[in-house]
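Trainee: Before I ask anything, let me first share the structure, which is written out below as structure tokens.
Quick note: the coordinates plus some simple rules give every number you see, no bench work behind them. Computed from a predicted structure; not experimentally measured. Please note: Cβ atoms are built from the backbone with ideal geometry, for glycine as well, and neighbour counts cover all protein chains shown.
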Amino acid sequence: MAKNTENTQNTKQEAKLNAPKQFEIAVLPLQNTTLFPETVVPLAVGRERSVKSVEFALSTEEKLIACLTTKTAEVTGNEAKQSDLYTVGTIVNIKRMMRNDGVMQLIVQGVDRIRVVEWTQEQPFLKARVETLPELQVKDLEEVEALKRNIMGLVQEALAMLPQVPPEARMAIMSQNNPVQLSYFLASVLDLGVETEQKMLEADTTDELLSQTHAALAREVEIMQIRSKIATEAQGEMDKSQRDYILRQQMKAIQKELGEDDGEKAEAEQLRERLETADLPEEVRKESERELKRMEQLPQAAPDYHVIRTYLEYVLELPWKKSSEEKLDLNEARKILDEDHYGLEDIKERILESLAVVKLRPDSKSPILCFVGPPGVGKTSLGRSIARALGREFERMSLGGMRDEAELRGHRRTYIGAMPGRIIQSLRRVAVNNPVMMLDEIDKLGNDYRGDPAAALLEILDPQQNNSFRDHYLDLPFDLSKVFFIATANQLQPIPAPLRDRMEIIQLAGYSDAEKLNIAKQYLIARQIKENGLQENQLEITDDAINLLTARYTREAGVRQLERTIGNLARKVALKVAEGNTEKVTITENEIKSYLGVPRFYPEKARDENPAGVATGMAWTEMGGEILFIEATKLPGGSGLTLTGQLGDVMKESVQAARSYLWSHASELGIDPNEIKENGVHVHVPAGAIPKDGPSAGVTMASALASLYTGKKVRSDTSMTGEITLSGLVFPVGGIKEKVLAAHRAGIRRIILPQKNEADVEEIPEDVRKELEIITANRIDDVLNAALESQPSEPVGKNYAIPDMEPHSDAIGESLIAKEK
Amino acid sequence: MRPSGRLWYPSADIYQTPDGWLVKVELAGVSAEDLEIDIQGNQLYIAGCRRDKTCAVGVSYQQMEITYSRFEKTLEFPASIDGAKLEHNYTDGLLLIYLKKR
């Protein structure tokens, strides 16, 4: 777009000479373009009316046409009316014309500015009478010069930012001395917008034109500066990422040389793939993606790399949304429970009730059951049966001895070797989020300075909170509300109260000998036969033999030792079979000794006869029940109360209460108060090495002391339990079933129980109950009347008259002979 | 050569001949009456106008590449050509100008 400079003046004059001051000429409407004198511009003309205009112009000798710009861009050349066009335009000379697919490609050169004087034709093309506008006048020479210099400065600035402009064009622009021409040229080159360009075209003085050019150019330059700044910044960013890329490539090459390649990328890639396909909650996905991004930026050798990888793998393997299909059929569940467990009717009923709720409201919070009972009664296997009945996975974890909260809840990832807690680990193992999870030995949780795991369990076992359980390691909320928690414990009392409160407690008592016999026959023998590789027809154990096993070779509330003992027998039989014995082995009561040696336990037998001052009580232990003897003896001339046999505070106090009661009611009971006052008394509870505590021996203490002071023996076929108060009331105690079973085992046939424990009698298996005489007592007097023989066996202590003491018939507790039900 | 307004610049060759100069100008389609030749010192000035005489009613362009407008050409000679005898004729669309020493 070079420019002619030398001949401008010449040309203008000639144009004026050639063209009359006013003449008629074809008009070409232009959209979005303004043509200026002396500029050479390509034009494309395609619209019918415009083509006609151009054709007409070409058919004249001068080949001139007037170009007028439309006021708005929306009006096309075909429909433009006179009012749509600016009246000031440019006459151009058509230099070249080519047709291309019906579109005329023109090269035109501006000649002169014109103004429309009068429109003469609208169809088939626009025509108008126009007059050429005079040369631009210079008003203020200095101002023009100043503007010109400024413009040149701006042009130089602009050119500096436009490296793509060829040097010839630069030369041409910089050598343009005519400011008007320069302005027109700049206006046609720059995209200033129709309005600005039209104003520049209409400027009548050089001053006006130049100041407009200057303003427009200044604005353009500023825009260019901003654009180039943006471009530079973008370039800078590109450079940086490019540099990073190159460095990374180099690093890869180095790693490859070192043999450290593969893996890293692939690992991250694999994880990403798994992450994309895994079914994760939104929050988990976000967090994982963040971690993955971090991992991708770390070199494989960084310690954090592996920490994050392990973490992500953990997250991906957890069953966030995966549940196992529930197939809950209550009849089926009942069948499974009956198959797996003998007896325990009420417990099975409780379990089925809980399952029924789960069935009716699948979205309900799973109940949290807690089985409490002595070892070996089947707590754990009940849990397993529940899982089987529900068709869920079963996961058992022992809490016994757990002292660290982090065991349950995990360690924060900042620690080296951090791991999730046991809960999350178990869930990963079972790979579903609704397993039956057994928390074994919940009563044996420890706690120390590292934290209290029981407190962590509070959250885990609270259905209101455990739907967003946050393991320290994961630091993501996991929904535990679908997990069916079952806890087991041997004792209720060590379990913290808030924890106990969250669970539904189901007590399992020990089994009676008859129950054990049934369990052995139905389950244990068959199982041991199988486990020791025998056939069912190779071993038989008679009922009497089993009874002997339970009585003399084991001592327990459950059946674990019994099963082990049966296993012993089975192994010995297996040896025989392996040695070639093909005959069926039947083990009878008499043969047991030859298999197992002498009996290991001599049952705590009821003593044939108690001297005065000795009473038979019953105790509850974790192993079930036992009978215990309380021995009291007078210490003539001594004073106070001596207690031995590892008694706990509660038990000691209960002895004192018994003594105080007897003392205060001495006369009614036929006791000489001086006997009590003047003699010390020693109470001993064998076996001396075993610590004992609890209030339930209260009545036994009272009986022993009463016997001591009155000289009447306590009936040796009678044992008793119950707490006493200073006013002589008998309060109920726990563990009745175990205690009574133990007493029965020991040969006791008369039992004295607190009246309020009457309900517990129902729990005692019927076969045992039948053989017992059960007496309930409301007051100590009832107990003493039932327990003591009516006549003193021999004179006790000093000679003093013992008043005749008729037993008050009405005071004898209502005797409860177990009835058939 | 730079394009200019309505001016165009035909190409020209200059030969030295035993008796003067021969100037050959690529100037087809220009009538003799539209031609103007002038000598000043060592300069030869040629100007004129190429007119589009094919234009008529009912005739329209399919393509236009020939420049129809005024032209001029100033040629410089190493020595003054004032007073030289000037002859010109058209041969095959080329304008031949002979400048002969007197």
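Trainee: How big is the charge dipole of the stretch A:264-317 about its Cα centre, in debye rounded to the nearest 20, if each Lys and Arg gets +1 on its Cβ and each Asp and Glu gets -1 on its Cβ?
Mentor: Working: 9 positive and 15 negative charges, 37 e Å.
It comes to approximately 180 debye.
Trainee: How many nm separate the modelled label positions at A:S323 and A:K365, each set 7 Å beyond the Cα in the direction of the Cβ?
Mentor: 1.6
Trainee: Now a separate question. Could you work out how far helix A:48-59 tilts from the main Cα principal axis of chain A, as a 0 to 90 degree angle to the nearest 10?
Mentor: Value to nearest ten degrees: 30.
Trainee: Which ordering of A:H684, A:H306 is given by a fewest-first count of other beta-carbon atoms within 10 Å?
Mentor: Ordered from fewest to most neighbouring Cβ atoms within 10 Å, A:H684, A:H306 come out as A:H306, A:H684.
Trainee: Something else now. Quick one: if you take sqrt(5λ) for each eigenvalue of the C-alpha gyration tensor of the stretch A:141-227, what semi-axes come out, biggest first, whole angstrom?
Mentor: 20, 15, 12
Trainee: Looking at the stretch B:1-75, which GluC sites (Glu not before Pro) are DSSP coil and have at most 11 other C-beta atoms within 10 Å of their C-beta? Walk me through the numbers on the way to the answer.
Mentor: Values: sites: B:E26, B:E33, B:E36, B:E65, B:E72; in loops: B:E65.
Hits after loop and neighbour filter: B:E65.
Trainee: Applying the Karplus parametrisation 6.51 cos²θ - 1.76 cosθ + 1.60 with θ = phi - 60° to the phi angles of the stretch A:378-383, what ³J(HN,Hα) value in whole Hz is obtained for each residue in order, glycine and proline being reported as x?
Mentor: Karplus-based 3J(HN,Hα) across the stretch A:378-383 equals x, 5, 5, 6, 5, x Hz.
Trainee: For a distance above 57 Å, tell me the whole-number percent of Cα pairs in the protein assembly as shown that qualify. Walk me through the numbers before you get to the answer.
Mentor: Working: 228800 of 425503 pairs.
Tail of the P(r) past 57 Å holds 54 percent of the pairs.
Trainee: Using just the Cα positions, wrap the stretch A:330-507 in a convex hull and report its mean projected area in square nanometres, one decimal place.
Mentor: Projected area, direction-averaged: 10.0 nm².
Trainee: Give me D for the stretch A:264-317 in µm² s⁻¹, whole number, from Stokes-Einstein with Rh from the Kirkwood sum over alpha-carbon pairs, 20 °C and 1.002 mPa s. Spell out each step's value before the answer.
Mentor: Numbers: Rh = 11.0 Å.
Translational D for this selection: 195 µm²/s.
Trainee: Hey, another quick one. What FRET efficiency, computed as 1/(1 + (r/R0)^6) with R0 = 25 Å and r the Cβ-Cβ distance, is obtained for A:T72 and A:V189, rounded to the nearest 0.05?
Mentor: Working: r = 23 Å, r/R0 = 0.93.
E(calc), rounded to 0.05, equals 0.60.
Trainee: Let me ask you something else. DSSP loop (so not H, G, I, E, B), at most 16 other Cβ within 10 Å: list which trypsin sites (Lys or Arg not before Pro) in the stretch B:33-99 pass both filters.
Mentor: Numbers: sites: B:R50, B:R51, B:K53, B:R70, B:K73, B:K85; in loops: B:R50, B:R51, B:K53.
Of the trypsin sites (Lys or Arg not before Pro), the ones in loops of the stretch B:33-99 whose Cβ has at most 16 other Cβ atoms within 10 Å are B:R51, B:K53.
Trainee: Modelled label-to-label distance, A:V357 and A:A301, 7 Å Cα→beta-carbon offset: nm?
Mentor: Those two pseudo-labels are separated by 6.0 nm.
Trainee: Could I ask something else about it? For Cα pairs less than 8 Å apart in space and 6+ apart in sequence, what is the mean separation divided by the residue count of the stretch A:330-507, i.e. the relative contact order in percent? All intermediate terms of the calculation are to be shown ahead of the outcome.
Mentor: Numbers: 335 pairs, mean separation 53.0, N = 178.
About 30 percent, as a whole number.
Trainee: Given q = 0.10, 0.19, 0.20, 0.21 Å⁻¹, what are the Debye log10 I(q)/I(0) values for the stretch A:244-382, with equal point scatterers placed on the Cα positions and solvent ignored?
Mentor: Log10 I(q)/I(0), no solvent term: -0.61, -1.08, -1.14, -1.21.
Trainee: Around A:I752, which amide H atoms from residues at least 5 apart in sequence, or from another chain, sit under 5 Å from its own amide H, with H modelled in the peptide plane?
Mentor: Here A:S719, A:M720, A:T721, A:I775 satisfy the definition.
Trainee: Let me ask another. Taking every residue in B:59-68, how many Cβ atoms of other protein chains lie within 10 Å of its Cβ, on average?
Mentor: On the way: counts 3, 7, 11, 3, 7, 12, 5, 2, 4, 8.
Neighbouring Cβ atoms belonging to other protein chains average 6 per residue here.
Trainee: Quick one: work out Rg over Rh on the C-alpha atoms of the stretch A:8-132, Rh as Kirkwood radius. Don't skip to the end; give the middle numbers.
Mentor: Numbers: Rg = 13.3 Å, Rh = 14.3 Å.
For the stretch A:8-132, the value is 0.93.
Trainee: Something else now. Determine the gain in length on full extension of the stretch A:D543-A:M98; use 0.36 nm per residue of separation and subtract their C-alpha separation, reporting nm with one decimal.
Mentor: On the way: separation 445, 0.36 × 445 = 160.20 nm, distance 12.17 nm.
Result for the pair: 148.0 nm of gain on full extension.
Trainee: Just how many % of Cα pairs in the stretch A:516-596 lie over 16 Å apart, if you round to the nearest whole percent?
Mentor: On the way: 1417 of 3240 pairs.
Here the tail beyond 16 Å accounts for 44 percent of pairs.
Trainee: May I pose another question? Report P(r) for the stretch A:25-99: all Cα-Cα distances, bin width 5 Å, range 0 to the bin holding the largest distance, values in whole percent.
Mentor: 3, 17, 29, 28, 17, 5, 0
Trainee: Let me ask something else about it. R0 = 45 Å: FRET efficiency of B:Y9 with A:R149, Cβ-based, nearest 0.05? All intermediate terms of the calculation are to be shown ahead of the outcome.
Mentor: Values: r = 32 Å, r/R0 = 0.72.
Computed FRET efficiency for B:Y9 and A:R149 comes out at 0.90.
Trainee: Grab the beta carbon distance between A:T60 and A:R170, set R0 = 51 Å, and tell me the FRET efficiency rounded to 0.05. Write out the running numbers ahead of the final one.
Mentor: On the way: r = 38 Å, r/R0 = 0.74.
My answer for the efficiency is 0.85.
Trainee: Can you work out ³J(HN,Hα) from phi for every residue in the stretch A:321-331, in order, using Karplus 6.51 cos²θ - 1.76 cosθ + 1.60 and θ = phi - 60°, giving whole Hz and x for Gly and Pro?
Mentor: 10, 8, 10, 7, 4, 8, 10, 9, 10, 4, 5
Trainee: Can you give the % of DSSP beta bridges in the protein assembly as shown that are antiparallel, to the nearest 5? Walk me through the numbers on the way to the answer.
Mentor: Numbers: 91 of 131 bridges.
The antiparallel fraction comes to roughly 70 percent.
Trainee: Still on this structure, please answer the following. Once the Cα gyration tensor of the stretch A:375-457 is diagonalised, what are the square roots of 5 times its eigenvalues, in whole Å and ordered largest first, as equivalent ellipsoid semi-axes?
Mentor: Working: eigenvalues 125, 62, 11 Å².
Ellipsoid half-lengths, sorted descending, are 25, 18, 7 Å.
Trainee: Give me the percent of DSSP beta bridges within the stretch A:614-817 that run antiparallel, rounded to the nearest 5. If you can, show how the numbers build up before the last one.
Mentor: Working: 20 of 34 bridges.
Around 60 percent of the beta bridges assigned by DSSP in the stretch A:614-817 are antiparallel ones.
Trainee: Still on this structure, please answer the following. Provide the packing ranking of A:488-500, A:186-198, i.e. peptides ordered by the mean count of other C-beta atoms within 10 Å per residue, highest first. The partial results should precede the final answer.
Mentor: Working: A:488-500: 16.5, A:186-198: 18.2.
Top to bottom by mean Cβ count within 10 Å: A:186-198, A:488-500.
Trainee: Would you list A:L217, A:L647, A:L316, A:L35 from fewest to most Cβ contacts within 10 Å? Could you put the intermediate results ahead of the total?
Mentor: Working: A:L217 23, A:L647 20, A:L316 17, A:L35 29.
With the sparsest Cβ surroundings first, the list reads A:L316, A:L647, A:L217, A:L35.
Trainee: Give me the number: length gained by fully extending A:E289 to A:D479, i.e. 0.36 nm times residue separation minus the C-alpha to C-alpha distance, one decimal in nm. Could you put the intermediate results ahead of the total?
Mentor: Working: separation 190, 0.36 × 190 = 68.40 nm, distance 2.04 nm.
Extending this stretch completely gives an extra 66.4 nm.
Trainee: Okay, moving on. So how do A:464-475, A:90-101 stack up, highest first, on mean other-Cβ count within 10 Å? Let's see the in-between values first.
Mentor: Numbers: A:464-475: 17.3, A:90-101: 18.8.
The densest-packed peptide leads the list: A:90-101, A:464-475.
Trainee: Can you pull a Stokes-Einstein diffusion coefficient for the stretch A:614-817 at 20 °C (1.002 mPa s), Rh from Kirkwood over Cα pairs, as a whole number of µm²/s? Intermediate values should be presented prior to the final figure.
Mentor: Values: Rh = 16.8 Å.
My calculation gives 128 µm²/s for D.
Trainee: Viscosity 1.567 mPa s, temperature 4 °C: what is the translational diffusion coefficient of chain B from Stokes-Einstein with a Kirkwood Rh over Cα pairs, rounded to a whole number of µm²/s? Mind dumping the intermediate values first?
Mentor: Working: Rh = 14.9 Å.
Here the translational diffusion coefficient equals 87 µm²/s.
Trainee: Taking loop as defined by DSSP and a crowding limit of 16 other beta carbons within 10 Å, which GluC sites (Glu not before Pro) in the stretch A:265-329 fit? Please list the in-between numbers first.
Mentor: Working: sites: A:E267, A:E269, A:E273, A:E276, A:E282, A:E283, A:E287, A:E289, A:E291, A:E296, A:E313, A:E317, A:E325, A:E326; in loops: A:E325, A:E326.
Counting only loop positions with at most 16 other Cβ atoms within 10 Å, the GluC sites (Glu not before Pro) in the stretch A:265-329 are A:E325, A:E326.
Trainee: Counting Lys and Arg as +1 and Asp and Glu as -1, each charge on the Cβ, what is the dipole of the stretch A:43-133 about the Cα centre in debye, to the nearest 20? Mind dumping the intermediate values first?
Mentor: Numbers: 13 positive and 12 negative charges, 31 e Å.
The calculated dipole for the stretch A:43-133 is roughly 160 debye.
Trainee: Any aspartates and glutamates with Cα under 17 Å of the A:K252 Cα? List them, leaving off those in the same chain fewer than 8 positions away.
Mentor: A:D244, A:E260, A:D261, A:D262, A:E264, A:E267, A:E269, A:E296
Trainee: Please give the contour-minus-distance gain from A:I416 to A:R527: 0.36 nm per residue of separation, less the Cα-Cα distance, rounded to one decimal in nm.
Mentor: Details: separation 111, 0.36 × 111 = 39.96 nm, distance 4.58 nm.
Contour length minus the Cα-Cα distance gives 35.4 nm.
Trainee: Relative to the longest principal axis of chain A, what angle (0 to 90°, nearest 10) does the C-alpha long axis of helix A:206-258 take?
Mentor: 40
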